[in-house]
Structures are given as structure tokens and as C-alpha cells.
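Chemist: Here it is, the structure, as C-alpha cells.
The values are calculated or read from the model by the stated rules, or taken from the named source; none is laboratory data. Fair warning: this is a prediction, and the values are worked out from it, not measured in the lab. Don't worry about glycine lacking a Cβ; one is built from the backbone with ideal geometry, like all the others, and counts go over all protein chains shown.
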Amino acid sequence: MKQMIIETITEYLPQTPLVIGLGMAGWGDSNSILCRQADNLFICSDEVKEVLEDLPPLAPRVGIVANMQANTVLEILLS
């Protein structure tokens, strides 16, 4: 579903910034989560971990990514 949203926005609304979160699985190692930009796509992620049955999205990392996304949106809107 997330890939479909990314492809649709980048194809039909290429000037619209899109801020997404990935890599929220597990716990700890919060310093590995960064936000990078590719054109108008902003990805907040550690680019390593993925959600699996034995590695669920747990609140600390989900919260960190959500706050990074909020910060990125504010930077976009205020610049």
C-alpha cells in the first residue's frame, strides 16, 4: 500500500512533498534512524530493519520516526 501511494504521488503530483516513515521495527538503536531526501520524497528510516512477525513495530521507534516526520513537515512548510 505504501509503495502504491509513493508511486501515485510521484507520478501524478511530482511537486507535492511526501514524507514517509520506514524501518520502525524492533527497539533500541535510535541513532541509526535518519531522514533523507530524494527529490520531493522524504524518507525517515534506518534503511535496515523491516517489520517481521518476530520484529514488530514497537512504540519507541515508531514515536521517533513519527516525530522526525512531523519535524520534516514543519521544515517544508516553514521554508
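Chemist: For the range 48-66, which residues satisfy the criterion of being surrounded by 12 or more Cβ atoms within 10 Å (Cβ to Cβ) and either out of contact with any Ser or Thr (no Cβ under 9 Å at 6 or more places or on another chain) or in a loop (DSSP other than H, G, I, E, B) (or both)?
Modeler: VAL48, LYS49, GLU50, VAL51, LEU55, PRO56, PRO57, LEU58, VAL62, GLY63, ALA66
Chemist: Which count do you get for residues in the range 28-47 that are farther than 17 Å from GLU75 by Cα and either in contact with a Phe, Trp or Tyr (Cβ under 9 Å, 6 or more places away or on another chain) or not small (Gly, Ala, Ser) (or both)?
Modeler: Residues that pass the stated criteria total 5.
Chemist: What residue, of ILE43, ILE5, is loosely packed, with under 12 Cβ neighbours inside 10 Å and under 17 Å from VAL65 (Cβ atoms)?
Modeler: After applying the criteria, what remains is ILE5.
Chemist: Quick one: in the range 22-39, of everything that is modelled with pLDDT under 80, among the hydrophobic types (A, V, I, L, M, F, W, C) and not in a strand (DSSP E or B), which residue is surrounded by the fewest Cβ atoms within 10 Å (Cβ to Cβ)?
Modeler: By that ranking, first place goes to TRP27.
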